[in-house]
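The values are calculated or read from the model by the stated rules, or taken from the named source; none is laboratory data. Worth saying up front: this structure is predicted, and the values here are computed from it rather than measured. For accessibility, only protein heavy atoms count, side chains too; no ligands or nucleic acids. Shrake-Rupley method; radii C 1.70, N 1.55, O 1.52, S 1.80 Å.
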Amino acid sequence: KKGDIVIDIDGDEKCRIVVECKDAGGYTAKKTIEEINEAIDNRNAAYGIFLFAKQEQMPNQFNCVKITDSYLITYMDNENLHFAYRLARTLLKHQQTHTDSVETAKISSEVRKIEELIRNINTMQGKVTQIINSGEYLKVELKKLYEGVDLSLNRIESYLGSEKAVAE
C-alpha cells in the first residue's frame, strides 16, 4: 500500500499527512505525481510528501522541490523533511481555518530561497570543517617545530657544556 508514513496532526484525521519515501532513481515527474496522489488516496490524507533519498533521484523538472495545495515533492538532504513537514502542517492548519486558496507560487518562491540558503550553509559548513581540520594540522605541525627548536637548543647547550647540560 502506498504511503510509508502517516501523521495525524494533533490526532486529527482531517489533518493527515502521508509521506512516501523512495531511495531510487528513474522516476519521471508523471510517475512521482501519480504515486503521491495514490498514497494520499490510499491513506485518506489531506496532504502528501514525496521524499526522495537524494536530490539526484528527483525528476529534473521539480528543481529541488515541487509544492502544490495537496502535495510536496523533495529530497532528504539539507533537512528538507523537517521543512516539508512544517510547511505541510502550516498549509493544513490554514485550510482548516480559512476557505481562501493558498498562494503556492509565493510559497514555492520562498522554498527556493530556503533551498539556496541551505546550499550556502552546506558550503560554509564544508569550509569551516576544512578550516578546523587545517587548524588542527597546523597546531600539530607547530608543536613539532617548537619541539625541534627546543631539541636543537638542548644540543647546542650540550655541545657548549652549559651548566644545564653538565648538571644532567
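Miscellaneous remarks
- From phi via Karplus (6.51, -1.76, 1.60), per-residue ³J(HN,Hα) for the stretch 86-92 in Hz, x at Gly/Pro: 4, 5, 4, 4, 4, 4, 5
- Backbone HN-Hα couplings from phi across the stretch 50-61 [Karplus 6.51/-1.76/1.60, Hz, Gly and Pro as x]: 9, 10, 7, 5, 9, 4, 4, 7, 6, x, 4, 4
- Rg/Rg_globular for the stretch 2-67, with Rg_globular taken as 2.2 N^0.38 Å and Rg from C-alpha atoms: 1.11
- Relative contact order for the stretch 32-107, counting Cα pairs under 8 Å that sit 6 or more residues apart, in percent: 27 percent
- Across all Cα pairs in the chain, the calculated P(r) in 5 Å bins from zero up to the longest distance comes to 2, 8, 13, 14, 13, 9, 6, 4, 4, 3, 3, 3, 3, 3, 4, 3, 3, 1, 0 percent per bin.
- In the context of the full set of protein chains, the chain has a per residue accessible area of 66 Å² (1.4 Å probe).
- Checking the Cα-Cα distances for K30/K113; K22/K66; K14/K106; K31/K127; K30/K54; K54/K139 against a 27 Å cut-off, the pairs over it are K31/K127; K54/K139.
- With every protein chain in place, the stretch 2-95: carbon and sulfur % of accessible area (1.4 Å): 46 percent
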